[in-house]
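Accompanying notes for the structure given below.
The values are calculated or read from the model by the stated rules, or taken from the named source; none is laboratory data. Just so it is clear, the model here is predicted, and its values are computed rather than measured. When we count neighbours, we look across all protein chains shown, and the Cβ atoms used for this are built from the backbone with ideal geometry, even at glycine.
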Amino acid sequence: MSAIIIDGKKIASEVKGELEGRIGKLREKNIFPYLVAILVGENPASVQYVNMKAKACTKIGIKSRVISFPEKLGEGELLELIEELNADKLVHGILVQLPLPNQIDQLKINLAVDVSKDVDGFHPENLGRLLLGKPNFIPATPLGILELLSRSGNSPVGKHTIVLGRGDLVGRPFSVLVSLKDKRANSTVTLCHSATRNLNHFTKQADILICAMGKARMITGDMIMPGAVIIDAGTSAVNDPSTEKGIRIVGDVDFDSVSEVAGFITPVPGGVGPMTIAMLLSNTVKAAEQINGICND
Ligand code: GUN
């Protein structure tokens with residue numbers, strides 16, 4: 001093991017510590033940041049993520065509420081609830097946990113959330129702003145990865161960043177974010193995906209490798225450049241009879257072999273996950289500030 005472990009929990013704590021000051025200032029003005037999370041169905045991972053998000057809110061003084069619905073919820077009912085939350089002056093952030101069941105059109109839902117309360121950054125206007133280099137709300141996981149890189153001393157500026165996976169939530173938005181002409185980004189970017197031929201040829205050229213394919217332990221030590229920075233955004237459940245639940249969450253990276261070759265590596269759990277939550281809190285505080293005419297950027 002030669003790689004330095006990037007401690008996502010510690011960096012997320014730093015971010016949350018910085019938010020507490022901003023929350024305190026809002027409270028002095030009688031503004032109480034408030035996030036509402038909507039959960040449809042009982043997907044165990046989604047239930048766990050939403051509960052973790054709500055708990056993290058409470059811990060730093062953000063009010064939160066989880067509204068849960070059964071799997072068979074109609075699209076119309078969800079749209080009605082979003083309309084109510086859009087109109088509620090006390091609500092600053094609205095989050096609809098993904099994935100949604102098949103009868104609900106995700107794009108319609110993303111479009112329905114008021115852009116000023118879109119703390120997930122999934123509204124097409126917020127994604128379009130990102131593409132134009134004028135972002136407001138940036139999706140939490142890509143934003144968290146950028147924060148992890150800069151706060152661990154691994155600035156992507158001028159580096160070759162290779163992103164594995166073109167999913168809507170992580171890979172594609174991160175590839176855009178890290179390519180922006182910005183002092184924290186400015187990277188040369190290659191986006192690899194399921195149709196990429198000879199993946200090894202690319203992964204070996206990465207100064208920074210972002211793994212977001214959702215394929216358990218697919219990236220092995222022989223696929224990377226010595227000294228590379230490896231960010232693992234994968235979360236796959238694998239069987240592990242030694243645990244109480246019989247499963248374990250692993251990343252896209254085979255940690256044991258990759259950590260022998262890499263310069264820096266994020267663990268799973270404890271790497272990207274805590275940063276996703278920290279950046280959701282950050283977006284919620286930002287929404288509360290912006291809605292009340294306070295600019296903090
Ligand atoms: N499902 C997986 N990641 C996310 C996320 O960042 N936000 C929401 N709303 N759902 C998700």
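Please go through segment 85-104 and pick out each residue that is more than 15 Å from the ligand (Cβ to nearest atom), over 21 Å from Gln290 (Cα atoms) and either part of a helix (DSSP H, G or I) or in contact with an Asp or Glu (Cβ under 8 Å, 6 or more places away or on another chain) (or both).
Quick first cut of segment 85-104, residues more than 15 Å from the ligand (Cβ to nearest atom) only: 86-92, 102-103.
Adding the requirement that they be over 21 Å from Gln290 (Cα atoms) leaves 102-103.
Within segment 85-104, just Gln103 meets the criteria.
Based on what the data block shows, is Val66 touching a Lys or Arg at 6+ places or on another chain (Cβ under 7 Å), in contact (Cβ under 8 Å) with a residue 24 or more places away in the chain, surrounded by 14 or more Cβ atoms within 10 Å (Cβ to Cβ) and not in a helix (DSSP H, G or I)?
Details: touching a Lys or Arg at 6+ places or on another chain (Cβ under 7 Å): no; in contact (Cβ under 8 Å) with a residue 24 or more places away in the chain: yes; surrounded by 14 or more Cβ atoms within 10 Å (Cβ to Cβ): yes; not in a helix (DSSP H, G or I): yes.
No, not satisfied.
Pick from Thr203, Thr161, Thr220, Thr188: which is over 28 Å from Ser13 (Cα atoms) and touching a residue at least 40 places away in the same chain (Cβ under 8 Å)? Quick ask: steps written out before the conclusion?
Values: Thr161 fails: over 28 Å from Ser13 (Cα atoms); Thr220 fails: touching a residue at least 40 places away in the same chain (Cβ under 8 Å); Thr188 fails: touching a residue at least 40 places away in the same chain (Cβ under 8 Å).
Among Thr203, Thr161, Thr220, Thr188, only Thr203 is over 28 Å from Ser13 (Cα atoms) and touching a residue at least 40 places away in the same chain (Cβ under 8 Å).
When you go through (1) without any contact (Cβ under 8 Å) to a residue 12 or more places away in the chain; (2) touching a helix residue (DSSP H, G or I) at 6+ places or on another chain (Cβ under 9 Å) one by one for Glu244, which number turns out not to apply?
Against the list (1) without any contact (Cβ under 8 Å) to a residue 12 or more places away in the chain; (2) touching a helix residue (DSSP H, G or I) at 6+ places or on another chain (Cβ under 9 Å), Glu244 comes up short only on (2).
Considering only segment 193-220, state which residues are under 19 Å from the mean Cα position of the chain (by Cα) and of a type in the set (Val, Ile, Thr).
Matches in segment 193-220: Ile208, Ile210.
Filter segment 61-84 down to the residues that are of a type in the set (A, V, I, L, M, F, W, C) and within 14 Å of the ligand (Cβ to nearest atom) and list them by number.
Quick first cut of segment 61-84, residues of a type in the set (A, V, I, L, M, F, W, C) only: 62, 66-67, 69, 73, 78-79, 81-82.
Hits for segment 61-84 are Val66, Ile67, Leu78, Ile82.
Evaluate segment 257-280: report whether one residue or more is among the acidic types (Asp, Glu) and part of a helix (DSSP H, G or I).
Filtering segment 257-280 down to residues among the acidic types (Asp, Glu) leaves 260.
Then drop every residue that is not part of a helix (DSSP H, G or I), which leaves none.
Within segment 257-280, not a single residue is among the acidic types (Asp, Glu) and part of a helix (DSSP H, G or I).
Which one of the conditions (1) polar (S, T, N, Q); (2) at pLDDT 95 or above; (3) within 14 Å of the ligand (Cβ to nearest atom); (4) under 30 Å from Val229 (Cα atoms) does Ser13 fail to meet, given that it meets all the rest?
All conditions are met except number (3).
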